[in-house]
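In what follows, a structure is listed as C-alpha cells, so that the remarks can point back to it.
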Amino acid sequence: MYRVRGVLLGPGGDERTTELFVDGAGVLVDRIPGAETLIDGGWIVPGLVDAHCHIGLGSSGAVELEEADAQARTDRDAGTLLIRDCGSPLDTSPLQARADLPEIIRAGVHVARPKRYIPGVAAELDDPALLPDVVAEQAADGDGWVKLVGDWIDRSVGDLAPLWPDDVLVAAVEAAHAAGARVTAHVFGADALPGLIRSGIDCIEHGPGLTDDLIGEMAARGTALVPTMINLDTFPTIADSATRYPTYAAHMRKLHAGAVGVVRQAVEAGVPVYAGTDAGGGIVHGRLPDEIEALHGAGMSTTAAIGAASWSAREWLERPGLQPGARADLVVYRSDPRADLSVLREPALVMLRGRPVHATG
C-alpha cells in the first residue's frame, strides 16, 4: 500500500496539491493510514498515452514476442502506460495479460491493397469491395479500433494515391461502427482525405496534406488527428531514397515543409489532436516526450501538449484518470513539466496498476 503526494496536473491548467493512496489491489482509495510514502512532493500526471504506436513491428516487419515485450517495457519506463497500437502484424494479446506492461488497445492488422503498403505487414485486399467485410473481421479481432491504409505510393503513377473508392469507405466505416469499433487511417497526401473524412472516419493518422477546408470539416465532425510529428520528420530521408520516383520525392518534401503549419491550423481550429510517436519500424520506442515537445512547437500550450499525451487522450480512449476507484497508473516528476517539457524525459516515479515499475533517486 502506497502514498504519493504532489501537485496533480489536469485539464485546462487545473492543478491541486493532493495525496494519492493506493491499496493492495492497485486501486486509488481515499486514505490508508501507515501507507508507504514513495514521493512526497512532485508533479503528478495520469499515465502517459501513446496514441499511435506499433508493438510487435520492427524495421523488417513482425518481431518475436520477446522483442515486442522489450518495446513495451521501453515505452513504460518513459512513462507511457496506455498504448493505442495502430496496427501490428504480431498478435500481441499475450502481452495484454501482463501486469508489468502498459495497457495495449489493439487495432489488429493494417488493411491495404496489394503492393500498396509495407510488405508483409497488412491484410491485402485484391478487391476493394471486400473492405467492409474485412473491417468487420478486424473489429472483432481488435479492441475497438480498425486501421486502414488510406494512401501510399502507387508506382504506376509515381506518387501518393488513395487506396479506396469513397462509397466503399462509407460502407466500411458503417460496418465498423455497427460492430462497436472506431476507424482510423494512415494518410499522407491530400487526395485521399476528403473521402476518408466524409466517410465518418473517427481519426486521421499523420495528415500533413490537410487543407484549411478539410481541417474545418474535421473540427465540425469531431474527427481526431494524431499527427505523429517525429515520424513526419523522416520524410526528407524517405524522399532522398526515392530516386526512381521524383514526383513522389518532391511531394514528400513539400508535405514535410508544411507539416508544422498544418498541425498549428488544426489546433487553432479546434480539431482534437493527440500525441503519437509511430514507434515501431523506423521510430524507436520511448520517444513520447519528443512528440509532446513537437506538439508544443506546433502551437499547443505546454499544458495542452501534455494533456494530448495524458488526460485528454485517456478521455478520448475511454480510460479513467486518477480518481478514487480507478487503477493507479501515474507518472511523477521532480519539477513542473509545464515549465520545461524536457522534464518529461526523467520521471521520478512510474506507477503501473498500483505498482512502482520505474523510479529514480
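Looking only at the range 84-95, filter to residues that are part of a helix (DSSP H, G or I) and in contact (Cβ under 8 Å) with a residue 24 or more places away in the chain; which one of those is nearest to H54 (Cα to Cα)?
First pass over the range 84-95, keeping only residues part of a helix (DSSP H, G or I): 93-95.
Restricting the remaining residues to those that are in contact (Cβ under 8 Å) with a residue 24 or more places away in the chain gives 94-95.
Numbers: P94: 15, L95: 13 Å.
Filtering first and then ranking leaves L95.
So which residues in the range 88-110 are in contact with a Phe, Trp or Tyr (Cβ under 9 Å, 6 or more places away or on another chain) and either open to solvent by 40 Å² or more (accessible area, probe 1.4 Å) or farther than 30 Å from P337 by Cα (or both)? Explain how you work it out, then say what you get.
Start the filter on the range 88-110 by keeping residues that are in contact with a Phe, Trp or Tyr (Cβ under 9 Å, 6 or more places away or on another chain), which leaves 105-108, 110.
Result: A107, G108, H110.
Would you mind telling me which numbered condition in (1) open to solvent by less than 20 Å² (accessible area, probe 1.4 Å); (2) part of a strand (DSSP E or B) V121 fails?
Unmet for V121, out of (1) open to solvent by less than 20 Å² (accessible area, probe 1.4 Å); (2) part of a strand (DSSP E or B): (2).
Mind telling me which of the residues D127, D167, D202 ends up being touching a residue at least 12 places away in the same chain (Cβ under 8 Å) and among the charged types (D, E, K, R)?
Step by step, each of D127, D167, D202 is checked, and only D202 is touching a residue at least 12 places away in the same chain (Cβ under 8 Å) and among the charged types (D, E, K, R).
Could you list, ordered by first residue, the pairs with Cβ atoms under 8 Å in which the first is in the range 26-55 and modelled with pLDDT of 95 or more and the second is surrounded by fewer than 16 Cβ atoms within 10 Å (Cβ to Cβ) and of a type in the set (S, T, Y), at least 6 apart or interchain?
From the range 26-55, the pairs are W43/S335; I44/T18.
Write out, first by first residue and then by second, each pair whose Cβ atoms fall under 7 Å of each other, whose residues are 6+ apart or on separate chains, and whose first residue, in the range 223-241, is assigned to a strand (DSSP E or B) while the second is open to solvent by less than 10 Å² (accessible area, probe 1.4 Å) and aromatic (F, W, Y).
none
Of the numbered conditions (1) in contact with a helix residue (DSSP H, G or I) (Cβ under 9 Å, 6 or more places away or on another chain); (2) farther than 22 Å from V183 by Cβ; (3) open to solvent by 30 Å² or more (accessible area, probe 1.4 Å); (4) charged (D, E, K, R), E291 satisfies every one except a single condition; which is it?
(3)
Being part of a strand (DSSP E or B) and closer than 25 Å to E124 by Cα is the filter; apply it to the range 58-82 and report the residue that is most open to solvent (accessible area, probe 1.4 Å).
Step by step, filter the range 58-82, then rank; the result is A62.
The values are calculated or read from the model by the stated rules, or taken from the named source; none is laboratory data. Here the structure is a predicted model, which is why all the values come from computation and not from measurement. Cβ sites come from the backbone with ideal geometry, for glycine too, and all protein chains shown count toward neighbours. Each accessible area value is taken on the protein alone, full model and side chains, heavy atoms only, with ligands, DNA and RNA left out. Shrake-Rupley method; radii C 1.70, N 1.55, O 1.52, S 1.80 Å.
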